[in-house]
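Peer 1: One structure, pasted below without further comment.
Every number here is computed from the coordinates shown, using simple stated rules; none is lab data. Nothing here was measured: the structure is a model prediction, and the numbers come from that model. Here the Cβ is made from the backbone with ideal geometry for all residues, glycine too, and neighbour counts use every protein chain on show.
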Amino acid sequence: MTHRTAPDSINLAEKLARFSEHWSPRVVAEMNDYQFKLVKLRGEFVWHEHKDTDEVFFVIKGQMQVGFRDRDVTIGEGELFVVPRGVEHITRASDECHALIIEPRGVVNTGEAGGDLTAQNDRWI
């Protein structure tokens, strides 16, 4: 029987202080095939979808919106929201917002839309 040593706790505020780029998620942990990514949002992202997976946003600081073609959902500090798989959406934040994204390893942040805001995957901090 193999025993694994439990890792140290992860201080999200400390990790967020280590980068300043917007729309550039950083992985802080993994659970099975899922990654926990910190991201700083400001301005407007791109319309996109993730055909094969849901996407979770948990707001740590500030406020953000998830826009759909027929409505917007506002997510505040301490709130989370699940974007269903295959649903086109856009994220935006008028002021800087810090969020935790939970999604499977390998998900491209811009889906199939691509473009300048496509972030490198598996970028750990």
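Peer 1: Please work out the FRET efficiency for the pair Val108 and Val73, using the Cβ-Cβ distance as r and a Förster radius of 30 Å; give the result to the nearest 0.05. Present the calculation step by step, with values, prior to reporting the outcome.
Peer 2: On the way: r = 22 Å, r/R0 = 0.74.
It comes to 0.85.
Peer 1: Just checking my list (i) 8.4; (ii) 8.0; (iii) 7.2 against mean projected area of the Cα convex hull in nm² computed from this structure; which label fits?
Peer 2: Checked against the structure: label (i).
Peer 1: Going by how many other beta carbons lie within 10 Å of each one, how would you line up Thr53, Thr91, Thr110, fewest first? Present the calculation step by step, with values, prior to reporting the outcome.
Peer 2: On the way: Thr53 15, Thr91 25, Thr110 18.
Ordered from fewest to most neighbouring Cβ atoms within 10 Å, Thr53, Thr91, Thr110 come out as Thr53, Thr110, Thr91.
Peer 1: Give me the percent relative contact order of the chain, please, defined on Cα pairs under 8 angstrom at least 6 residues apart. Display every interim value, and only then the final one.
Peer 2: Values: 275 pairs, mean separation 39.3, N = 125.
Once normalised by length, the contact order is 31 percent.
Peer 1: Hey, can you grab everything whose amide H is under 5 Å from the amide H of Thr110? Only 5+ residues off in sequence or another chain; H modelled, so Pro and N-termini drop out.
Peer 2: Ala119
Peer 1: Another question, if that's okay. By count of other Cβ within 10 Å, fewest leading, how are Lys37, Lys51 ordered?
Peer 2: Ascending number of Cβ neighbours within 10 Å: Lys51, Lys37.
Peer 1: Convert each backbone phi in the range 67-77 into a coupling constant with the Karplus relation 6.51 cos²θ - 1.76 cosθ + 1.60 (shift: θ = phi - 60°), then list the ³J(HN,Hα) values in order as whole Hz, x for Gly and Pro.
Peer 2: x, 10, 5, 10, 5, 10, 10, 9, 10, x, 3
Peer 1: Please identify every one of the chymotrypsin sites (Phe, Trp or Tyr not before Pro) in the range 43-125 that sits in a loop by DSSP and has no more than 15 other beta carbons within 10 Å of its own beta carbon.
Peer 2: Values: sites: Phe45, Trp47, Phe57, Phe58, Phe68, Phe81, Trp124; in loops: Phe45, Trp47, Phe68.
Hits after loop and neighbour filter: Trp47, Phe68.
Peer 1: Under 17 Å from the Cα of Lys15, which aspartates and glutamates turn up, not counting those fewer than eight places away in the same chain?
Peer 2: Cα-Cα hits under 17 Å: Glu30, Glu96, Asp122.
Peer 1: Okay, moving on. Taking a cut-off of 21 Å between Cα atoms, list the lysines near Lys51, but don't count ones fewer than 8 places away on the same chain.
Peer 2: Within reach: Lys37.
Peer 1: What do you get for trypsin sites (Lys or Arg not before Pro) in the range 54-90 restricted to DSSP loop and a cutoff of at most 16 other Cβ within 10 Å of the site's Cβ? It would help to have the intermediate numbers written out before the result.
Peer 2: Working: sites: Lys61, Arg69, Arg71, Arg85; in loops: Arg69, Arg71, Arg85.
Sites meeting the loop and neighbour criteria: Arg69, Arg71, Arg85.
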